[in-house]
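Working notes, structure below.
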Amino acid sequence: MKDTELGNSLYKLYHTIIRLEAREIKDNKNCSELTVNELNLIECIRSLTKGNEGPTISSIASALDITRPSTTVAVNKLCAKDIAEKTECESDGRSVRVKLTSKGEKAYSVHHSFQTSLAKSAKQSMSEKDWNALTDSFTKLSDFFDAKAEEM
């Protein structure tokens, strides 16, 4: 595969997965009002939550590599939809922490189930050897892109 073909394949794969997830959430009562970007924000909030303490706006912005004002706008939209809630940070009164509501947890569960189901379906279409080679390659590719992102 040529370098440009790999880039095109990754681009196509990403957008196909986004389209599939958009269709999936459209028909699910726990997610029908959400966008794929909002589901990714929900996943980020969930992954940064430690125990009962949600992440700060700054930590979410850093994890997503977007500005704090953009993160605040996106989180406020989730709050308006009763997906997340903001509370003052006990250790720093200037910061707010973001936590998923029970509705947000349900949306996260749908998002996570979709991703798991998609991976299982893909795995069933391949031999174990091909699946292992694919997952090893994706791990290496992900590590490479993470390192590149850190350089920037």
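The values are calculated or read from the model by the stated rules, or taken from the named source; none is laboratory data. None of the values given here were measured: they were computed from a predicted structure. All Cβ positions, glycine included, derive from the backbone under ideal geometry; neighbour counts span all protein chains shown.
For this structure, a couple of remarks:
- Residue list for the stretch 36-56, restricted to those being over 15 Å from residue 66 (Cβ atoms) and charged (D, E, K, R): 46, 50, 53
- Within the stretch 41-66, the residues that satisfy the criterion of being exposed (fewer than 14 other Cβ atoms within 10 Å of the Cβ) and either at pLDDT 95 or above or not in a loop (DSSP other than H, G, I, E, B) (or both) are 47, 50, 58.
- Answer residue from the stretch 109-152, given it is hydroxyl-bearing (Ser, Thr, Tyr) and loosely packed, with under 10 Cβ neighbours inside 10 Å and is farthest from residue 34 (Cα to Cα) among those: 127
- Filtered by the rule that a residue be surrounded by 13 or more Cβ atoms within 10 Å (Cβ to Cβ) and more than 18 Å from residue 35 (Cα to Cα), the stretch 86-108 gives 86, 89, 95, 96, 97, 98, 99.
- Among the residues of the stretch 72-124, those identified as of a type in the set (Ser, Thr, Tyr) and touching a residue at least 60 places away in the same chain (Cβ under 8 Å) are 108, 109.
- Candidates 20, 13, 6: the one that is exposed (fewer than 14 other Cβ atoms within 10 Å of the Cβ), among the hydrophobic types (A, V, I, L, M, F, W, C) and either in contact with a Leu (Cβ under 8 Å, 6 or more places away or on another chain) or not in a helix (DSSP H, G or I) (or both) is 20.
- Residue match in the stretch 85-101 (condition: of a type in the set (Asp, Glu), modelled with pLDDT of 95 or more and under 19 Å from the mean Cα position of the chain (by Cα)): yes
- Filtering the stretch 78-103 to residues that are in contact with a helix residue (DSSP H, G or I) (Cβ under 7 Å, 6 or more places away or on another chain) and either in a strand (DSSP E or B) or not assigned by TED's automatic domain parsing to the domain that holds residue 61 (or both) leaves 84, 85, 86, 96, 98, 100.
Here is a yes/no grid of residues against (1) closer than 30 Å to residue 25 by Cβ; (2) small (Gly, Ala, Ser); (3) touching a helix residue (DSSP H, G or I) at 6+ places or on another chain (Cβ under 6 Å); (4) not in a strand (DSSP E or B):
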{"position": "107", "(1), (2), (3), (4)": "yes, yes, yes, yes"}
{"position": "116", "(1), (2), (3), (4)": "yes, no, no, yes"}
{"position": "121", "(1), (2), (3), (4)": "yes, yes, no, yes"}
{"position": "146", "(1), (2), (3), (4)": "yes, no, no, yes"}
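- Flag for residue 110 being modelled with pLDDT under 95 and of a type outside the set (S, T, N, Q): yes
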